[in-house]
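Down below is the structure, laid out as structure tokens.
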Amino acid sequence: MKSFTEYLTFNLPARMAFLNITPQVEEIVRKSGVAEGLVLCNAMHITASVFINDDEPGLHADYKKWLEKLAPFDASPQTYAHNRTGEDNADAHMKRQVMGREVVVAITKGKLDFGPWEQIFYGEFDGRRPKRVLVKVIGE
Amino acid sequence: MKSFTEYLTFNLPARMAFLNITPQVEEIVRKSGVAEGLVLCNAMHITASVFINDDEPGLHADYKKWLEKLAPFDASPQTYAHNRTGEDNADAHMKRQVMGREVVVAITKGKLDFGPWEQIFYGEFDGRRPKRVLVKVIGE
Amino acid sequence: MKSFTEYLTFNLPARMAFLNITPQVEEIVRKSGVAEGLVLCNAMHITASVFINDDEPGLHADYKKWLEKLAPFDASPQTYAHNRTGEDNADAHMKRQVMGREVVVAITKGKLDFGPWEQIFYGEFDGRRPKRVLVKVIGE
């Protein structure tokens, strides 16, 4: 069994943003030399996500509106107990649970085994500082 | 390390529906010959899910009502920017994020290593056309 | 390829509660002897979660309030069809979908390859009875 690990770093200027990281993950899979296996791709920070969906700006605008409705930003410690710690990002911990921490993708014949519209995104919910994504390939 | 890949195709007549696909996944695990390993089972389309829960029709009715409340269907491009593209399924992209894209299940002694009520479901949120699910087994 | 499987049992006295199970998972990874690979950690019950987030009591209080708002407990069969079966836990099946069933974590140099604040939690949404979590390590 082969394994191969890389870390990607992102620093997004907005509080909430989505970035297509499929090209970086494809390159890591290529470098791993794995033809048949799995790739795990996860946010290493708890106010960020890695998820798979469509690369369509309208949809991303809809996601932002929807997540803000499900878990509104509110810096006050009255609304969120977490914000009594000096943080203001309790909402980001919730948004991340809706969108998920990680994806596991099949590698078949050396490529990400994807449907027609699947793309991997880094989802940021408390941006403006560097955060890491782990990519781990295992297989043969 | 062994690996084994199959694709299942589903064409559900309703916009939103859940289908128990555990028997198909069990059969693929059996065919793989893997005794100890993991099986990845994911929707290859971004308005569908694979998830694990209970095979109880009342619960499935509750899920539909609940998802419709969290992310209501609305074809208008005023409500969802994604629907300006000519699509009407922005809500389906949200429902899919709540229910998830994939499951990873342990294989122990040649079987899905499940608790008493765990069953694997294909979740459709924008049906009436064929869509695929990927099942990939790795192990020994 | 090595593989190693263990089952943890938890019996939490509250209906909804979160328990940090990182030390138990670390110990299983150590016992597995796997240096490079993946560990799957999943709830074996469908009203419970395994998820990764911050070990901060204020955040956990916020999660409980938020999940109760997204999917309120209501024992009546009028509100949830699932509760016509004699169960009262339809809400728990929904909360579990928001928080997720499982996590897959990279093992690098014999350790959980985690960001600074990542911790693994067992999430209980219908407690007061024993439930199991599966931990499966694969790798080399």
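The values are calculated or read from the model by the stated rules, or taken from the named source; none is laboratory data. Nothing here was measured: the structure is a model prediction, and the numbers come from that model. When we count neighbours, we look across all protein chains shown, and the Cβ atoms used for this are built from the backbone with ideal geometry, even at glycine. What goes into the accessible areas is simple: the full protein's heavy atoms, side chains included, and nothing from ligands, DNA or RNA. Shrake-Rupley method; radii C 1.70, N 1.55, O 1.52, S 1.80 Å.
Some values worked out for this structure:
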{"quantity": "Hits among aspartates and glutamates - C-alpha to C-alpha of B:Lys31 under 15 Å, sequence gap 8 or more where chains match", "calculated": "B:Glu6, B:Glu140"}
{"quantity": "Cβ-vector label at 7 Å, B:Pro72, separations to other copies in nm", "calculated": "1.8, 1.8"}
{"quantity": "Dimensionless Rg over Rh [the stretch B:2-139; C-alpha; Kirkwood]", "calculated": "1.02"}
{"quantity": "For the protein assembly as shown, size of Cβ-based charge dipole, Lys and Arg +1, Asp and Glu -1, in debye", "calculated": "340"}
{"quantity": "Fluctuation leader among A:Glu87, A:Glu102, A:Glu36 - chain A, Gaussian network, Cα springs under 10 angstrom", "calculated": "A:Glu87"}
{"quantity": "Interface size C-B, as summed buried accessible area [1.4 Å probe, Å², nearest 100]", "calculated": "2500"}
{"quantity": "Label point 7 Å beyond Cα along the C-beta direction, distances from B:Ala61 to other copies (nm, shortest first)", "calculated": "3.9, 3.9"}
{"quantity": "Shielded by partner chains, the stretch B:99-129 residues - at least 30 Å² of accessible area, 1.4 Å probe, vs chain alone", "calculated": "B:Arg101, B:Glu102, B:Val104, B:Ala106, B:Asp113, B:Pro116, B:Glu118"}
{"quantity": "Chain A: calculated mean residue ellipticity at 222 nm from DSSP helix runs of at least 4, using -39500 (n - 2.57)", "calculated": "-7500 deg cm²/dmol"}
{"quantity": "Using a 7 Å Cα-to-Cβ projection, A:Glu27 label spacings across copies, nm, ascending", "calculated": "4.3, 4.3"}
{"quantity": "With every protein chain in place, the stretch B:2-139: carbon and sulfur % of accessible area (1.4 Å)", "calculated": "54"}
{"quantity": "The protein assembly as shown - Kirkwood radius from inverse mean 1/r over Cα pairs (Å)", "calculated": "21.4"}
{"quantity": "Cβ-based charge dipole, the stretch A:69-140, positive-most Cα from A:Ile107, A:Pro72, A:Thr85", "calculated": "A:Ile107"}
{"quantity": "Estimated vicinal HN-Hα couplings, Hz - the stretch A:40-54 in sequence order (Karplus 6.51, -1.76, 1.60; Gly, Pro = x)", "calculated": "9, 9, 9, 5, 9, 10, 8, 10, 9, 10, 10, 9, 10, 7, 8"}
{"quantity": "Å² of accessible area per residue within chain A, as computed with a 1.4 Å probe and no ligands counted", "calculated": "36"}
{"quantity": "Whole-angstrom gap from the stretch A:66-93 to the stretch C:57-130, using each part's C-alpha centre", "calculated": "19"}
{"quantity": "Where N is the number of residues in the stretch B:87-140, Cα Rg divided by 2.2 N^0.38 Å", "calculated": "1.45"}
{"quantity": "Amide H contacts of B:Gln119 (H built 1.01 Å from N, under 5 Å, at least 5 apart or other chain)", "calculated": "B:Asn53"}
